[in-house]
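Peer 1: What follows is a structure written as structure tokens; I'll ask about it next.
Please treat every number below as a calculation from the coordinates, not as lab data. All values reported here derive from a predicted model rather than from experimental measurement. Because the Cβ atoms are built from the backbone with ideal geometry, glycine has one as well, and the counts that use them run over all protein chains shown.
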Amino acid sequence: MTNKTALWGELDTLAAHLPSLNTLFANDAERTSRMIFQVGSLYADFSKQRMTPQIVQTLLKLAQACELEEWREKFFAGDKINTTEDRAVLHPALRGTGGSPDVKKQVSDMRARMRKFAEKIRNEGKYKTIIHIGIGGSDLGPRLIADALAAETKPALALRFAENIDGASINDALEGLDPETTLVVSVSKSFTTQETRMNTQAARDWLGDYARNNIITVTANREGAEEFGVNPDQIFDFWDWVGGRYSLWSAVGISLQIAYGPDVFDELLAGAAEMDAHFKTAPLGNNLPVMLAMTGVWNCNVLKYPSQAVIAYARRLRKFSSFLQQLEMESNGKGVTRSGAPAGTTCPIVWGDEGTNSQHAFFQHLHQGTQGAPIDFIAVLNSTENRQDHHDAVLANCFAQSEALMLGKTEDAVREELAQTHLSQTEIDALAPHKAFPGNRPSTTIVLDRLNAHAIGNLIALYEHKAFVQSIIWDINAFDQWGVELGKVLASKILKELETNTPVDAHDSSTMALIEMARKARIS
Ligand code: F6P
């Protein structure tokens, strides 16, 4: 039996004898102070997770047995850990952490060029609106941050996004704008992505004579962008060692730089760099990304929760769960290990929405549903933009939910309450089971001091490193995404069949019927 197998077995045994959260709190006055981590502007409380000190220690031993420290070194050293694409993974270098002298130079040249360009656009005042076109990693990060930064900084230009191939996306983005005062920022690492090419084409048509000057492109495929007709002087490069979902720190963030200013963007990078330094050097037991990741491993692999919810109690972080869906599920939604053998259970479904809205939608399921889901609650301590009464209410709701999920309410307690009402015993018997809460539902609460660029940088880098740590435990490659390819190939084939009205004969009968339906609708 390997050390790892033995440790997984130990974790299973610990889970089988796990006291409830209420008991863990009742028996340990130090529980919360022991399970709080603070890094930069973040405070994370793991005490409402169903873990004992022994479980945490065993999880850390498992991380060691999986050679996490060695992998962490390889990652920061720029080894080609993305083996299926033969690439290094160097997004921390974009914020100044690690990288060879050559990489450092490329990054500092890029940052200087971005700053100069952003300042020029801001000073000229020629443009009123930026249309950021991109999808997946070329959209979700900038889109999340564009919202989040608005908490403390007023953008100098309006920033709109177009991502979906559905024409409504670009149409809505362009609605009411003047081509002369609109700057289109087209972002695609590959510059082959159907959505981005089509939306950029639509924007180019709409810009007419302004197209040559008013489109800039950010890509790792300069040749492709030039072929597409983008003015070579308006192309910003990035590199194959930056994965799409880790790319917002590169020139992919140019729209943010222009709208919010280079200094704010630098603060974002500094926040991420602070988390890099912590992740790189802190011992595993004091390491926040490691703790977040191992808590997720415990919930998913040992306690068998099939999903992980993330609820940000901050309107301006409402896109955080969508961002994390790509970050975690595209990174770790894998079925084979690094060597190609079948993997065990890997990444859970990541989902969520904003609080308090979600309380009025799916929290019923979280409180009384049969599966439950561990939750990461994200809260912001100080709001500079909201009335204090609103802000107090948002925090009260956030803290109340994690408490309610953990405490629950026994049927006996419900019965006692109902006995004080006018209800008969028969009515109490009928109602009591419906009003009871199982409780013992785990959560982590992450509190940001303020919603500023630095704290947002801390937060995003925390989850990036979490995904990396989990990939090491699951022995998978977090940095490729072959699973998106098959659908892309079939979509191109079907598109041709729709456009050219060519006979459809190489599909299953269900797909053929659907194509036939669409072709008829197209003709009529
Ligand atoms: O379809 C998945 C994906 O390849 C993501 O990994 C990526 O972030 C997105 O598409 C967009 O890709 P690109 O930046 O090359 O247009």
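Peer 1: Which ordering of Ile216, Ile36 is given by a fewest-first count of other beta-carbon atoms within 10 Å? Each step should come with its number before you reach the end.
Peer 2: Values: Ile216 24, Ile36 14.
Ascending number of Cβ neighbours within 10 Å: Ile36, Ile216.
Peer 1: On a 0 to 90 degree scale, rounded to 10, what angle separates helix 68-77 from the longest Cα axis of the chain?
Peer 2: The two axes meet at around 20 degrees.
Peer 1: Which order do the peptides 514-520, 251-257, 236-242 come out in when sorted by mean C-beta neighbours inside 10 angstrom, highest first?
Peer 2: Details: 514-520: 12.6, 251-257: 26.6, 236-242: 19.9.
Top of the packing list down: 251-257, 236-242, 514-520.
Peer 1: Sorted by mean Cβ packing within 10 Å, highest first, what order do the peptides 168-175, 364-371, 323-330 take?
Peer 2: So the order, starting with the most tightly packed, is 323-330, 168-175, 364-371.
Peer 1: Another question, then. Going by how many other beta carbons lie within 10 Å of each one, how would you line up Arg316, Arg115, fewest first? Could the numbers behind the result be given before it?
Peer 2: Numbers: Arg316 22, Arg115 16.
The order, fewest Cβ neighbours first, is Arg115, Arg316.
Peer 1: Can you give the extra length, in nm with one decimal, that the chain gains between Ile494 and His360 once fully stretched, where that is 0.36 nm per residue apart less the Cα-Cα distance? Mind showing how you got there, number by number?
Peer 2: Working: separation 134, 0.36 × 134 = 48.24 nm, distance 3.99 nm.
Using 0.36 nm per residue and subtracting the Cα-Cα distance, I get 44.2 nm.
Peer 1: Need the full-extension length gain, Lys520 to Asp109, defined as separation in residues times 0.36 nm minus the C-alpha distance. One decimal, nm.
Peer 2: Values: separation 411, 0.36 × 411 = 147.96 nm, distance 5.34 nm.
Fully extending the segment from Lys520 to Asp109 adds 142.6 nm.
Peer 1: With a 10 Å radius around each residue's Cβ, average the other Cβ atoms per peptide and rank 384-394, 146-156, highest first. It would help to have the intermediate numbers written out before the result.
Peer 2: On the way: 384-394: 12.5, 146-156: 18.8.
Sorting 384-394, 146-156 by mean packing, highest first, produces 146-156, 384-394.
Peer 1: By what distance, in whole Å, do the Cα atoms of the range 2-98 stretch along each of the three principal axes, largest value first?
Peer 2: Taking max minus min along each principal axis of the Cα atoms, the range 2-98 gives 49, 39, 17 Å.
Peer 1: Listed here are the pairs Lys319/Lys466; Lys154/Lys280; Lys189/Lys493; Lys74/Lys334; Lys61/Lys466; Lys4/Lys409; which of them are more than 27 Å apart at the Cα? List each step's numbers first, then the result.
Peer 2: Numbers: Lys319/Lys466 18 Å; Lys154/Lys280 34 Å; Lys189/Lys493 23 Å; Lys74/Lys334 21 Å; Lys61/Lys466 17 Å; Lys4/Lys409 38 Å.
With Cα atoms farther than 27 Å apart: Lys154/Lys280; Lys4/Lys409.
Peer 1: When the expected Rg is taken as 2.2 N^0.38 Å, what fraction or multiple of it is the alpha-carbon Rg of the chain? Walk me through the numbers before you get to the answer.
Peer 2: Numbers: Rg = 25.2 Å, N = 524, 2.2 N^0.38 = 23.8 Å.
Expressed relative to 2.2 N^0.38 Å, the Cα Rg reads 1.06.
Peer 1: Oh, and also: Report the label-to-label distance for Glu416 and Lys116 in nanometres (one decimal), using points 7 Å from each Cα along the Cα→Cβ vector.
Peer 2: Spacing of the two 7 Å Cα→Cβ label points: 7.3 nm.
Peer 1: What ranking of Tyr463, Tyr43 emerges when the number of other C-beta atoms within 10 Å of each C-beta is taken as an exposure proxy, fewest first? Spell out each step's value before the answer.
Peer 2: Details: Tyr463 22, Tyr43 17.
With the sparsest Cβ surroundings first, the list reads Tyr43, Tyr463.
Peer 1: Antiparallel DSSP bridges in the chain: what percent, to the nearest 5? Numbers along the way, then the final one.
Peer 2: Working: 11 of 46 bridges.
Antiparallel: roughly 25 percent of the beta bridges in the chain.
Peer 1: Using just the helices of the chain, give the 222 nm mean residue ellipticity in deg cm²/dmol: DSSP H runs with n ≥ 4 each add -39,500 (n - 2.57), and the total is spread over all residues, rounded to 500.
Peer 2: Helices in the chain give a 222 nm mean residue ellipticity of -15000 deg cm²/dmol.
Peer 1: Moving on to the next point. Please give the helix 485-500 orientation as an angle from the longest Cα principal axis of the chain, in degrees from 0 to 90, rounded to the nearest 10.
Peer 2: The two axes meet at around 50 degrees.
Peer 1: Relative to the longest principal Cα axis of the chain, at what angle does helix 262-281 sit, 0 to 90 degrees, rounded to 10?
Peer 2: Its long axis makes an angle of about 50 degrees.
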